[in-house]
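What follows is one structure encoded as C-alpha cells, with my remarks underneath.
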Amino acid sequence: MELQRLSIRQTFGKIGIETENAQQTLESPRGELSIETKKAVVEANYEPGTLTIDSSAAWSALGKGSHMQWMNMIYSQMEQIALQAIAKQVEDGHRMGMITNKKNAFADIAKGALQEKLEPIQYVGEASNMNVKLHYESHPYQPEVQPAELHISYLPQKVQSQYQAGKVNINLEQPYTINIRVSDYSWDWDS
C-alpha cells in the first residue's frame, strides 16, 4: 500500500547582533587660582616721655644749694628765732617783776644766760631719701594701622567632553525556513 508521507523540516533562523559600546571622554583642566596679598602697614608716632629730676632739696641738705636758697632758708628761720627771743625777754621780765620771790631774779637770769643754749640756725636742709623728686610725663603711643588686604580670584576652565555614539549591527545570519514535502511512503517491507 502506498501512502504519502508529509515531512516538515524547519531550520531556525539566526540573528546576529554586534554592538559597540559608546565612548565618552571627559577632561577637566585645572582652574587658575590667583592669590595676592598686601602686607599690613603699621606707622607709629611715638615721642619719648619726659623725665624731670628735681634734686634741689638734696643739694640743700648737703649745703651745696644755690646762694638764694641758702639765704631763704636762713631768713625763713629768723622770724621763729625772733619770737623765741621776745618770749624769753617777756619771761625774764615777769621773773624780775615778782617781788614775792625770795631768790635774786637778776642773778638767776644772768646764770641762765650763760648756760642757755640757743636753738641753732639750720644752714643745711633736712637729710631724707625723698629729697630727689622724679616726675615722668609719658606721651601717648599713636599707632596707625592699615590692615592687610587679600585678593583671591579663581578662573574655572570648561569641562571638555567628547562622545562617540555606540553602534548596533543586526543581521540575519541564517534565515528561518520551513520545508514541507510530500513523498511516497511504502509499507512494503521488501522494497
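The residue among Gln115, Asn129, Asn101 whose Cα reaches farthest toward the positive pole of the charge dipole of the chain, with charges on the beta-carbon of Lys, Arg, Asp and Glu, is Asn101. Please go through segment 19-51 and write out the trypsin sites (Lys or Arg not before Pro) that DSSP classes as loop and that have at most 15 other C-beta atoms within 10 Å. The qualifying sites are Arg30, Lys39. Shape analysis of segment 78-145 based on the Cα gyration tensor places the equivalent ellipsoid semi-axes at 58, 13, 8 Å, largest first.
Starting from the residue with the highest accessible area, list Leu114, Leu172 in decreasing order, probe 1.4 Å.
Per-residue accessible area, sorted high to low, gives Leu114, Leu172.
Exposed loop sites are taken as GluC sites (Glu not before Pro) in a DSSP loop (any state but H, G, I, E or B) with at most 12 other beta carbon atoms within 10 Å; the longest stretch of the chain without one runs 1-115. Between helix 105-115 and the chain there is an angle of about 50 degrees, using the helix long axis and the longest principal axis of the Cα atoms. Qualifying trypsin sites (Lys or Arg not before Pro) in segment 65-133, where qualification requires a DSSP coil assignment and no more than 16 other C-beta atoms within 10 Å, comprise Lys102, Lys103, Lys117.
Each stretch of four or more DSSP H residues adds -39500 (n - 2.57); spread over every residue of the chain, this sum gives -8500 deg cm²/dmol at 222 nm. Around the amide H of Tyr185, modelled in the peptide plane, lie the amide H atoms of Leu3, Gln4, Arg5, all under 5 Å away and 5 or more residues distant in sequence or on another chain. Heavy atoms of the protein chains alone define the surface here; on that basis segment 1-51 has 97 Å² accessible area per residue at 1.4 Å probe size.
Direction-averaged projected area, Cα convex hull, segment 34-83: 7.0 nm², rounded to one decimal. Using Cβ point charges alone (K and R +1, D and E -1), the dipole size of the chain about the Cα centre works out to roughly 1120 debye. Translational diffusion of the chain, estimated by Stokes-Einstein from the Kirkwood radius over alpha carbon pairs at 20 °C in a medium of 1.002 mPa s, is 65 µm² per second. Lys-Lys pairs in the chain that are eight or more residues apart or on separate chains and whose Cα atoms lie under 24 Å of each other come to 9. If you sort Asp54, Asp108 by accessible surface, 1.4 Å probe, largest first, the order is Asp54, Asp108.
Equivalent-ellipsoid semi-axes for segment 127-167 (Cα gyration tensor, √(5λ), whole Å, largest first): 80, 12, 3. For segment 29-61, the residues whose amide N sits under 11 Å from a probe point set 7 Å from the Cα of His151 along the beta carbon direction are 35-38. The long axis of helix 67-97 is offset from the longest Cα principal axis of the chain by roughly 40 degrees. Using alpha carbon centroids, what distance separates segment 4-33 and segment 115-185, in Å? One Cα centre to the other: 54 Å.
The values are calculated or read from the model by the stated rules, or taken from the named source; none is laboratory data. Please read these numbers as outputs of a predicted model, since none were measured by experiment. All Cβ positions, even for glycine, are placed from backbone atoms using ideal geometry, and neighbour counts span all protein chains on display. The area values use the complete protein model at the heavy-atom level, side chains included, leaving out ligands, DNA and RNA. Shrake-Rupley method; radii C 1.70, N 1.55, O 1.52, S 1.80 Å.
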